[in-house]
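The values are calculated or read from the model by the stated rules, or taken from the named source; none is laboratory data. All figures in this text were calculated on a predicted structure; none of them were measured in a lab. Cβ atoms come from the backbone with ideal geometry, glycine included; neighbour counts cover every protein chain shown. Keep in mind that these areas ignore ligands, DNA and RNA; they rest on the heavy atoms of the full protein, side chains included. Shrake-Rupley method; radii C 1.70, N 1.55, O 1.52, S 1.80 Å.
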Amino acid sequence: MELMKLEIVTPHGVIFDDEVKQVTLPGSEGEFGVLPKHSTILSLLNTGVIVIDTKDNKEISVAINSGYVKVEEDRTLCIVDGAVALSGDDNNLAKAIEEAKELLQKATQSNMGIATAMSKVEHISKTL
Amino acid sequence: MANLKEIKRKISSVKGTQKTTRAMKLVSSAKLKRAEEVAKRSKVYALKLTELLNEIAQKMNNSSGEIDNIFFYENPNPKVVDIVFVSADKGLCGGFNYQTIKRVNKLRKEYSNATIRLSGIGKKGIAFFRYNNIDMINQIEDLSASPDYDKASKFISTLVEDFIQGKTDKIILVYNGYVNMITQEIVEQQLLPVDSSTVELKSVSMSELEVEPDDDDTIIDALVKKYIDYTMYYALLNSLAAEHSARMQAMDAATNNAGEMVKKLTVKYNKARQEAITTELIEIISGMESLK
């Protein structure tokens, strides 16, 4: 399976930088998935959850407040204000989920977007 | 003759000061490392954001010849100029804060035919202008010691709103930036209008770039705002690193000076002791002489 590079950066540092299979992004005009060899696109990102399919078939979720994404054929670059990766072992995860909720609460966007993102985070916390 | 006891007391006092300055130097160097690290991590974001801004500006440039956006209009005769400065919350860092203040004053002279509005971050700078009865429209005190993205963006956003509404024509940011462990450099940066020379117009094939939402202004407005927020935040990080490096230097110099002073005082102390002994000897000898 083909891979592409995904970078997620925030003002506080790089959150994610690795090869991935697929990524689903909360675009301002609707959620969209990106596979390798996607056409170039630049989009605003709403508050939501980025879902990453990593190269070793794991699923990582990253909660973000708002930002941009620039998709190129072999590279996807997300520039976001704040992000919390929901991964790691149980202890860290619980903490990360709390942080993610806090981040989403602070977001200034429509309640719908926040609610959707929240329910996703809740879902993740239940499935693990 | 200087009193022996007096000199001894002075020596121990200087030694005490030396201990304090040495400790402060160590604290600053540890803090500097952390501040440097934060600034470095944050730099990645800056690079990517500028890259994105360049590309989108490039795209707009292609369609209309020049960048057609409110944030890029330069007013040749600015009527209202906003100066935003970043200073430290604490002193004991040499000329660090004064350098910034000096530059702000220079800018105030430069734009003396426009209305100047000051916004300050950091106790020291604010205290200076308050003492000199110069009004500030915005001030915040506890931000420069612990930079915070949200607070920085909130601070600058009121000015950005003013710019959009035409209440101000120019926003200039002044801070003392970090170059390396021993050098700080004053940075004077025009925040708004965005200096189009900072936007590199490289010829990249952009024909296939899709933009969502499909409205250039929405996306570039948001992007420029983010760029400004971030520039403000980065100025804080940079200034904090510079503050620590300046304090480290100042404290290093103070420690050295204290060492020298201790040396001088010790020599003085020894001389005085010597003198006392000589006097005593002479007294004894002359006493013996008179008994003969």
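Worth a mention:
- Counted residue by residue at 0.36 nm each, then reduced by the alpha carbon distance between them, the extension gain from B:Asn138 to B:Arg9 reaches 41.7 nm.
- The alpha carbon gyration tensor of the range B:89-196 gives principal lengths a ≥ b ≥ c with a/c below 1.5, which makes the shape rounded.
- Were the residues from B:Ser290 through B:Ile277 laid out at 0.36 nm apart, the gain over their Cα-Cα distance would be 2.7 nm.
- Loop-located GluC sites (Glu not before Pro) in the range B:217-292 whose Cβ has at most 11 other Cβ within 10 Å (DSSP): none
- Measuring between alpha carbons in the structure, the pairs from B:Lys271/B:Lys292; B:Lys154/B:Lys225; B:Lys5/B:Lys264; B:Lys170/B:Lys226; A:Lys55/B:Lys40; B:Lys19/B:Lys264 lying more than 22 angstrom apart are B:Lys271/B:Lys292; A:Lys55/B:Lys40.
- Helical contribution to [θ] at 222 nm, DSSP H n ≥ 4, -39,500 (n - 2.57), averaged over chain B, rounded to 500: -22000 deg cm²/dmol
- Cα-based equivalent ellipsoid, the protein assembly as shown: semi-axes from gyration tensor eigenvalues, Å: 57, 29, 18
- Distance (nanometres) between label positions extended 7 Å along Cα→Cβ at B:Gln190 and A:Glu59: 5.1 nm
- For chain A: Kirkwood Rh in Å [reciprocal of mean 1/r, alpha carbons]: 14.5 Å
- Positive-end residue, the range B:202-292 charge dipole about Cα centroid, Cβ charges, pick of B:Ala272, B:Leu237, B:Asn257: B:Ala272
- At an R0 of 22 angstrom, the distance between the Cβ atoms of B:Glu210 and B:Glu51 translates into a FRET efficiency of 0.80.
- Nearest-10 value in Å² for the accessible area of B:Val187, using the 1.4 Å probe: 40 Å²
- Longest DSSP-loop-exposure-free segment, GluC sites (Glu not before Pro), chain A, at most 12 other Cβ within 10 Å: A:74-128
- 0 to 90° range, to nearest 10: angle between helix B:216-291 axis and chain B longest Cα axis: 10 degrees
- At R0 = 25 Å, FRET efficiency that the Cβ-Cβ distance of A:Lys126 and A:Glu2 yields, to 0.05: 0.20
- Mean separation of Cα contacts under 8 Å, 6 or more apart, over the residue count of chain B: relative contact order %: 32 percent
- In the assembled protein chains, B:Tyr73 presents an accessible area of approximately 120 Å² (probe radius 1.4 Å).
- Working note: Cα gyration tensor of the range B:42-247, eigenvalues times five, square-rooted, sorted largest first, giving semi-axes of 31, 20, 14 Å.
- Taking the DSSP beta bridges with both ends in the range B:42-247, the antiparallel portion is around 35 percent.
- Between the range B:241-284 and the range B:96-131, the C-alpha centres lie 39 angstrom from each other.
- Area buried, chain A against chain B - accessible surface, total, 1.4 angstrom probe, square angstrom: 2200 Å²
- The loop-placed trypsin sites (Lys or Arg not before Pro) in the range A:25-85, going by DSSP, that have at most 14 neighbouring Cβ atoms within 10 Å of their Cβ come out as A:Lys37, A:Lys55, A:Lys58.
- For the protein assembly as shown, size of Cβ-based charge dipole, Lys and Arg +1, Asp and Glu -1, in debye: 3560 debye
- For the segment A:42-53, counting C-beta atoms of other chains within 10 Å of every residue's C-beta and taking the mean gives 2.
- Remark: accessible surface ordering of B:Asp150, B:Asp82 (largest first) is B:Asp150, B:Asp82, probe radius 1.4 Å.
- The trypsin sites (Lys or Arg not before Pro) of the range B:144-191 that meet both conditions, a loop assignment by DSSP and at most 14 other Cβ atoms within 10 Å of the site Cβ, are B:Lys167.
- The range B:42-247, accessible surface, carbon-and-sulfur percent (1.4 angstrom probe): 47 percent
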